[in-house]
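**Student:** I have a structure I would like to understand better, so I am pasting it below and will then ask my questions one at a time.
The values are calculated or read from the model by the stated rules, or taken from the named source; none is laboratory data. All figures in this text were calculated on a predicted structure; none of them were measured in a lab. So basically every Cβ, Gly included, is an ideal-geometry build from the backbone, and we count neighbours across all protein chains shown. All accessible areas refer to the heavy atoms of the entire protein, side chains included, with ligands and DNA or RNA removed. Shrake-Rupley method; radii C 1.70, N 1.55, O 1.52, S 1.80 Å.
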Amino acid sequence: MAPTFSTGVMRWPYSLSGPNESNDPMRQAGIAFSLEQMIPNPSKLKARESYLGSLAKVQESKREWNTNELRRDVKKLYYNRYAAERKKYVLKEGTEMLGVLLSTAEQKFSNNQSGLQTIYKAKARLADLNNMQFMLDGIIAESNIGLNTLMVREVETPFKIDTVLTPANYSIGAADLESVSKRSDVSALSNTIQSMKLEQRSMKFGVRPDFGIRVEHMQMLDMPNQWSVMGMVTIPIAPWSSKMYLSEARSIGSQIRSMESERQGMVLMAKRNISEKLTMLSFETAQYQNFNEKIIAAYENNLEASLLAYRQNTGDFFELLDAWEMLVMKKLEGYDRLLKVLTLEAEYEYEKEFR
């Protein structure tokens, strides 16, 4: 603590004429100067230093967990934009193909080989695709704003992303549940518990005495100057003083036990989340691969067969339009499934705190 300096008159009589009378026994008036320095108990200082030093570890763990949360948010925004851009490519291909089919149908209509209602239906589908383009542009713009914000840039800053993105294909046996205790949020709680234990220890040291020294100089008016030196010890003698420190220590002990139970619950919940995310990811990845390799391929074959029949005048435009529409919708659904897989990956990596 900083030293304390004080000054003031001392032994000055109420009668102002007293100090001026040479034979007055009250001529002991003077001015006192004192300097006082309190010296805290070294064990208190060390306990307090340990407690304050432990707070840095708590904040560091919280900062790492906040970084993990931001990393998950970035991945989700990135995957949303990626899926939207791939859907736009599908819509572009579908629009170009529908334009060719519509032009062919209009030529056949002039030769009475195509129905007018089917042509109007195709034009309506073309307008629907344009509407979906606007919707995807909105998703891309929203993702860009989020990504630029997290990168601390102007929200309208344009940038390109990697157009090649494949799932990581985490195996279901890859979950190392014992590493959960090393997660930043769990470490933050563990460090908080340790910090509270150090605070509790510091509280218990509150009953230990502090020391001090006081030096005084009295500048007397008409007698020799005087001085004094005093040593001081502060001791919480009264029983309620020690009870106060001990009750605070017991209160912190109750909080510590509560937080230890909370930590156990957090670890169990984290293990559950990791297992759930990995299991869901395994099934969703299998569904996506089956959908992408077999289902979409079947719809592509269906469109090719319908297109061949239409060219050979053995099929009508309505069947061809239906085959085209189903293929486009299934391709879009495929990217929805891919987005779900990638989102689950981001959630799994968040739970595992991949760096």
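**Student:** State which residue is modelled with the highest pLDDT when the search covers only region 204-214 and only residues that are open to solvent by 60 Å² or more (accessible area, probe 1.4 Å) and out of contact with any Asp or Glu (no Cβ under 8 Å at 6 or more places or on another chain).
**Tutor:** Phe211
**Student:** Another question about this same structure. When you look at Val229, is it over 25 Å from the mean Cα position of the chain (by Cα), in a strand (DSSP E or B) and at pLDDT 90 or above, yes or no? Write out each step before concluding.
**Tutor:** Working: over 25 Å from the mean Cα position of the chain (by Cα): yes; in a strand (DSSP E or B): yes; at pLDDT 90 or above: yes.
Yes; evaluated as a whole, the condition is true for this residue.
**Student:** I'd like to verify a number: residues in region 112-148 that are among the charged types (D, E, K, R), at pLDDT 90 or above and touching a helix residue (DSSP H, G or I) at 6+ places or on another chain (Cβ under 7 Å), how many?
**Tutor:** Final tally of qualifying residues: 0.
**Student:** A further question follows. Between a residue in region 131-147 that is more than 14 Å from Tyr79 (Cα to Cα) and any residue that is part of a helix (DSSP H, G or I), which pairs come within a Cβ distance under 6 Å, given they are 6 or more apart or on different chains?
**Tutor:** Sorted first by the residue in region 131-147, then by its partner, the pairs are Met132/Leu91; Gln133/Leu91.
**Student:** Of the residues Ile256, Ile295, Ile252, which single one is aliphatic (A, V, I, L, M) and either under 19 Å from Glu93 (Cβ atoms) or in contact with a strand residue (DSSP E or B) (Cβ under 6 Å, 6 or more places away or on another chain) (or both)? So that I can check it myself, show each step before the final result.
**Tutor:** Details: Ile256 fails: either under 19 Å from Glu93 (Cβ atoms) or in contact with a strand residue (DSSP E or B) (Cβ under 6 Å, 6 or more places away or on another chain) (or both); Ile252 fails: either under 19 Å from Glu93 (Cβ atoms) or in contact with a strand residue (DSSP E or B) (Cβ under 6 Å, 6 or more places away or on another chain) (or both).
After ruling out the rest, the residue left standing is Ile295.
**Student:** Go through the residues of region 338-345 one by one and say whether even a single one is of a type in the set (Ser, Thr, Tyr), part of a helix (DSSP H, G or I) and more than 20 Å from Ile274 (Cα to Cα). Quick ask: steps written out before the conclusion?
**Tutor:** Of all residues in region 338-345, those of a type in the set (Ser, Thr, Tyr) come to 343.
Then drop every residue that is not part of a helix (DSSP H, G or I), which leaves 343.
Subset that is more than 20 Å from Ile274 (Cα to Cα): none.
So far as region 338-345 goes, no, none of its residues is of a type in the set (Ser, Thr, Tyr), part of a helix (DSSP H, G or I) and more than 20 Å from Ile274 (Cα to Cα).
**Student:** Going by what's in this entry, would Ala309 be described as among the aliphatic types (A, V, I, L, M) and open to solvent by 30 Å² or more (accessible area, probe 1.4 Å)?
**Tutor:** Values: among the aliphatic types (A, V, I, L, M): yes; open to solvent by 30 Å² or more (accessible area, probe 1.4 Å): no.
It is false that Ala309 is among the aliphatic types (A, V, I, L, M) and open to solvent by 30 Å² or more (accessible area, probe 1.4 Å).
**Student:** Which residues, counting only those in region 296-355, are under 47 Å from the mean Cα position of the chain (by Cα) and of a type in the set (Val, Ile, Thr)?
**Tutor:** If the condition is that a residue be under 47 Å from the mean Cα position of the chain (by Cα) and of a type in the set (Val, Ile, Thr), then Ile296, Val328, Val341, Thr343 are the ones that fit.
**Student:** Looking only at region 67-90, count how many residues are of a type outside the set (D, E, K, R) and open to solvent by less than 30 Å² (accessible area, probe 1.4 Å).
**Tutor:** Here is the first cut: in region 67-90, the ones of a type outside the set (D, E, K, R) are 67-68, 70, 74, 77-80, 82-84, 89-90.
Retained after the next criterion (residues that are open to solvent by less than 30 Å² (accessible area, probe 1.4 Å)): 68, 79, 82-84, 90.
Residues meeting the conditions: 6.
**Student:** Of the conditions (1) outside any helix (DSSP H, G or I); (2) open to solvent by 60 Å² or more (accessible area, probe 1.4 Å); (3) without any contact (Cβ under 8 Å) to a residue 24 or more places away in the chain, Asn301 satisfies every one except a single condition; which number is it?
**Tutor:** (1)
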